[in-house]
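Notes follow the structure.
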Amino acid sequence: MKRFLLYLTVAIITFTIGYNINLIYFSDRAPEQPINFSHKVHAADNSIPCLYCHIYADKSTISGVPSVQKCMGCHKIIKTDSPEIQKVVSYWEKKEPIPWIKVYNLPDYVYFSHKRHVKASVPCQRCHGDVAKMDRITRQTVIFGVPFLRVSPLKMGWCLDCHKNGAKEFIGGPVRNGTDCWTCHK
Amino acid sequence: MAGFLDRLLERFKIYREPGYYKRYDYWWAMVVDLDRCTGCGACVTACQAENNTPVVGEEESGKGRVLNWMRIERYVEGEYPDVKVKFIPVFCAHCDKAPCEVACPVYATYHNQDGLNVQVYNRCVGTFTCATYCPYDVRRFNWFTYKDKGSFESPLDEQLNPDVTVRTMGVMEKCTFCIQRIVAAKDRAKDENRKVRDGEVIPACVQSCPSKALTFGDLNDPNSQVSKLAGLPAEPYYLRESGSKLAKISKNPRAYRLLEDLNAAPTIIYLKRVMKGSSTIGHE
């Protein structure tokens, strides 16, 4: 019996560790990007506003990934000898876009407009978490080294929570027609 | 337990009653001028292209599994030397008292605040009840995932509309009045803090009609093109009452609605075709 319990504990511990390693490093919540881009360096240390790079966030349904030109605008001068910047330069010289991997992916049947939310002054951090503290963009919150919950579940109930009640702090009441199916579905 | 059930029933009763919106924000409606319709079928093609409707093929069509949201019905009258061919485009009438809404067991079809009878694909379980209840036979059922069957093989997938879901097997679908364009127009209007202007929303069928037989607009607005063509007063909510006849309030003698006797209160208004030398005008 004692031996069985020992095996069980070891199994549970191994499973938890393995599961979390998988979740943090190998799952789609924090995929490895082609370039080791750090939001922390850009958004926190150098305090570049989100909309400087994600230029369409207040104009369109999508926020937009910056073009390589935008990267090169600064990195022609700044930190040109870093190996990661060399990768950007190589993409620039090949005239190819950087194949970033999308982290916040919504299903095909969801209509989500960044514009509407940014114009209602919902901060980016409300859904994307504190990106300025992330080296690699992740959907996983980590508390004391233990993965806890997702930054945002991106589930319908989570959306409706804000559309019904939480929106008060931004527009002073529930979203108009916010619970109609075809407001968010397409 | 019984109390809880009663409360639940009470809560959903309002959704079962046709016309639970006392007043719509917009009341989207269409006017079809049959005098202008030439039966070219451009609307059908445009609808198919806009709404990611798959081409099902000859064999499937023979089994009655066509997925076109619109169809043009042909009526041929008379013997050979003087034959009269009449066309009538039929698509979802977005009935105010839609029989399909009453039928759905999972509330996948309901009326929204814009006076649209909308279909929620994610809720639909494919009981087919709405299609059997529909008097206009405009609801279409996805018997297969046509995407997997090769309807959108490369390079055809490049022409898919990103604003419309590609439906999968077991889902009922129908005309949405190109709701993605309505949403886009409302989005623009909200930016400028105004209501959607008349003629700002143009569904694909209206856009493609070469003879401008179709007109789309807001019935709440007495100055809209639709209200003027149909000769309706401001806010013609009389049309939603049972036993209402369009002829009673319309100034246009040609205006009628399809199968008005069924009391489904459709929002598509047809204008009769006036034919030379015939005592009866158009067809009903």
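The values are calculated or read from the model by the stated rules, or taken from the named source; none is laboratory data. Being a predicted model, the structure only gives us computed values, none of them experimental. No Cβ is skipped: glycine too gets one built from the backbone with ideal geometry, and neighbour counts run over all protein chains shown.
State the number of residues belonging to the stretch B:66-96 that are without any contact (Cβ under 8 Å) to a residue 12 or more places away in the chain and part of a loop (DSSP other than H, G, I, E, B).
6
Per-residue answers, yes or no, for (1) under 25 Å from A:Pro31 (Cβ atoms); (2) in contact (Cβ under 8 Å) with a residue 60 or more places away in the chain; (3) of a type in the set (Asp, Glu):
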{"site": "A:Lys115", "(1), (2), (3)": "no, no, no"}
{"site": "A:Lys119", "(1), (2), (3)": "no, yes, no"}
{"site": "A:Cys124", "(1), (2), (3)": "yes, yes, no"}
{"site": "A:Cys127", "(1), (2), (3)": "yes, no, no"}
{"site": "A:Arg139", "(1), (2), (3)": "yes, yes, no"}
{"site": "A:Cys162", "(1), (2), (3)": "no, no, no"}
{"site": "A:Glu169", "(1), (2), (3)": "no, no, yes"}
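Hey, can you tell me all the residues within the stretch B:71-96 that are closer than 30 Å to B:Leu219 by Cα and either touching a strand residue (DSSP E or B) at 6+ places or on another chain (Cβ under 6 Å) or surrounded by fewer than 19 Cβ atoms within 10 Å (Cβ to Cβ) (or both)?
B:Arg71, B:Ile72, B:Glu73, B:Arg74, B:Tyr75, B:Lys86, B:Phe87, B:Ile88, B:Pro89, B:Val90, B:Ala93, B:His94
Give me the residue from the stretch A:89-124 that is surrounded by 13 or more Cβ atoms within 10 Å (Cβ to Cβ) and more than 30 Å from B:Ile179 (Cβ to Cβ) and, out of that set, farthest from the other protein chains (Cβ to nearest Cβ).
Here the residue is A:Val89.
Yes/no matrix, rows are residues, columns are (1) exposed (fewer than 15 other Cβ atoms within 10 Å of the Cβ); (2) within 28 Å of A:Val118 (Cβ to Cβ):
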residue: A:Val10; (1), (2): yes, no
residue: A:Gly18; (1), (2): yes, no
residue: A:Asn22; (1), (2): yes, no
residue: A:Ser38; (1), (2): no, yes
residue: A:Ala44; (1), (2): no, yes
residue: A:Lys59; (1), (2): no, yes
residue: A:Ile62; (1), (2): yes, yes
residue: A:Gln69; (1), (2): yes, yes
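Hey, which of the helices (runs of 4 or more DSSP H) in the stretch A:138-186, taking only ones fully inside, have at least 1 residues that are hydroxyl-bearing (Ser, Thr, Tyr) and either within 12 Å of another protein chain (Cβ to nearest Cβ) or in contact with a Phe, Trp or Tyr (Cβ under 7 Å, 6 or more places away or on another chain) (or both)? Give the steps one after another, and end with the answer.
On the way: elements: A:156-161, A:168-171, A:181-184.
Where helices (runs of 4 or more DSSP H) fall fully within the stretch A:138-186 and carry at least 1 residues being hydroxyl-bearing (Ser, Thr, Tyr) and either within 12 Å of another protein chain (Cβ to nearest Cβ) or in contact with a Phe, Trp or Tyr (Cβ under 7 Å, 6 or more places away or on another chain) (or both), they are A:181-184.
Among the numbered criteria (1) more than 14 Å from chain A (Cβ to nearest Cβ); (2) in contact with a helix residue (DSSP H, G or I) (Cβ under 7 Å, 6 or more places away or on another chain); (3) surrounded by 15 or more Cβ atoms within 10 Å (Cβ to Cβ); (4) without any contact (Cβ under 8 Å) to a residue 40 or more places away in the chain, which one does B:Ser224 miss?
Just one mismatch for B:Ser224, condition (2).
How do the pairs read when you match residues in the stretch B:36-55 that are more than 26 Å from B:Val85 (Cβ to Cβ) with residues anywhere that are at pLDDT 90 or above and of a type in the set (Val, Ile, Thr), using Cβ under 6 Å and keeping only pairs 6 or more apart or on different chains?
B:Asn51/B:Val164; B:Asn52/B:Val164; B:Asn52/B:Val166
If a residue must be within 14 Å of chain A (Cβ to nearest Cβ), assigned to a loop (DSSP other than H, G, I, E, B) and touching a strand residue (DSSP E or B) at 6+ places or on another chain (Cβ under 8 Å), how many such residues does the stretch B:105-129 contain? Quick ask: steps written out before the conclusion?
Taking the stretch B:105-129 first, the residues within 14 Å of chain A (Cβ to nearest Cβ) are B:106-124.
Within this subset, residues satisfying the condition of being assigned to a loop (DSSP other than H, G, I, E, B) are B:106-108, B:112-116, B:120-124.
Among the residues that remain, those that are also touching a strand residue (DSSP E or B) at 6+ places or on another chain (Cβ under 8 Å) are: B:108, B:112, B:114-116, B:120-122, B:124.
Here the count works out to 9.
For a quick check of your reading of the model, give me the residue pairs whose first member lies in the stretch B:103-117 and is more than 25 Å from B:Phe216 (Cα to Cα), whose second is at pLDDT below 85, with beta-carbon atoms closer than 9 Å and at least 6 apart or on different chains.
B:Tyr107/B:Phe12; B:Tyr107/B:Tyr15
In this structure, is B:Pro210 surrounded by fewer than 17 Cβ atoms within 10 Å (Cβ to Cβ), at pLDDT below 90 and over 30 Å from B:Lys147 (Cα atoms)?
no
What residue, among those in the stretch B:130-167 that are assigned to a loop (DSSP other than H, G, I, E, B), without any contact (Cβ under 8 Å) to a residue 40 or more places away in the chain and within 14 Å of chain A (Cβ to nearest Cβ), is farthest from A:Ile62 (Cα to Cα)?
Going through the qualifying residues, I end up with B:Thr145.
Filter the stretch A:128-186 down to residues that are among the β-branched types (Val, Ile, Thr) and at pLDDT 90 or above, then give me how many there are.
1
Checking B:Ile179 against (1) farther than 27 Å from B:Arg65 by Cα; (2) of a type in the set (Val, Ile, Thr); (3) within 14 Å of chain A (Cβ to nearest Cβ), which single condition isn't satisfied?
B:Ile179 satisfies every listed condition except (1).
Can B:Tyr15 be described as surrounded by fewer than 17 Cβ atoms within 10 Å (Cβ to Cβ), within 14 Å of chain A (Cβ to nearest Cβ) and at pLDDT below 90?
Yes.
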